[in-house]
Amino acid sequence: MPDASAARLDLHRDDVIARYLAAAGPVYGALTRLVGQVSLLLLLSADRRLGHASTAAAQTLAKETEAALAALPVPAVAGRHHWMLSQAMARLSDVLKRLRRGRTDAAASARLIRLVRSAHELLRLAARAEAGLSLVDLRQACCSCVG
């Protein structure tokens, strides 16, 4: 996994970067919402089988986010940042597909949790607070399930 410096873009270097980050803002926000939705679905999946109805909202958000991500104009200097967003999207999509297949055993659930954590970590590394791209740190929250 790349380190935080790999995602760093100099906002003052070029208007192209600023335009990319402005366009990436809604995609980043959708990815953070998707992490939350998928995390909740993982919790629910431990108790029951999830079908299409249970995952419909997350599936819709995933499709919209994937389309918006694909439509982003990506300057070469932002390629690494875009790659991180794309990898987070791919991991969340994979979890959603697996959840729709049915109940998971402990080993499969552990793998899905690792995928969601990995997607969250990629979003943390891609954060750019000065551009409005930031995650809420829930590690100290009383309801924390972020490890």
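The values are calculated or read from the model by the stated rules, or taken from the named source; none is laboratory data. Just so you know, these numbers come straight off a predicted model, no measurement behind them. When we count neighbours, we look across all protein chains shown, and the Cβ atoms used for this are built from the backbone with ideal geometry, even at glycine. Side chains are part of the model used for accessible areas, which takes the heavy atoms of the whole protein and leaves out ligands, DNA and RNA. Shrake-Rupley method; radii C 1.70, N 1.55, O 1.52, S 1.80 Å.
Which of the numbered conditions does His82 fail, given that it passes all the others? Conditions: (1) at pLDDT below 95; (2) closer than 25 Å to Asp15 by Cα; (3) in a helix (DSSP H, G or I); (4) open to solvent by 20 Å² or more (accessible area, probe 1.4 Å).
(1)
With modelled with pLDDT of 95 or more, more than 13 Å from the chain's Cα centre (by Cα) and either aliphatic (A, V, I, L, M) or open to solvent by less than 50 Å² (accessible area, probe 1.4 Å) (or both) as the only criterion, which of Ala57, Ala108, Ala70, Ala88 stands out?
Ala70
Could you please let me know if Ala7 is at pLDDT below 85, closer than 17 Å to Leu125 by Cβ and among the hydrophobic types (A, V, I, L, M, F, W, C)?
Yes, satisfied.
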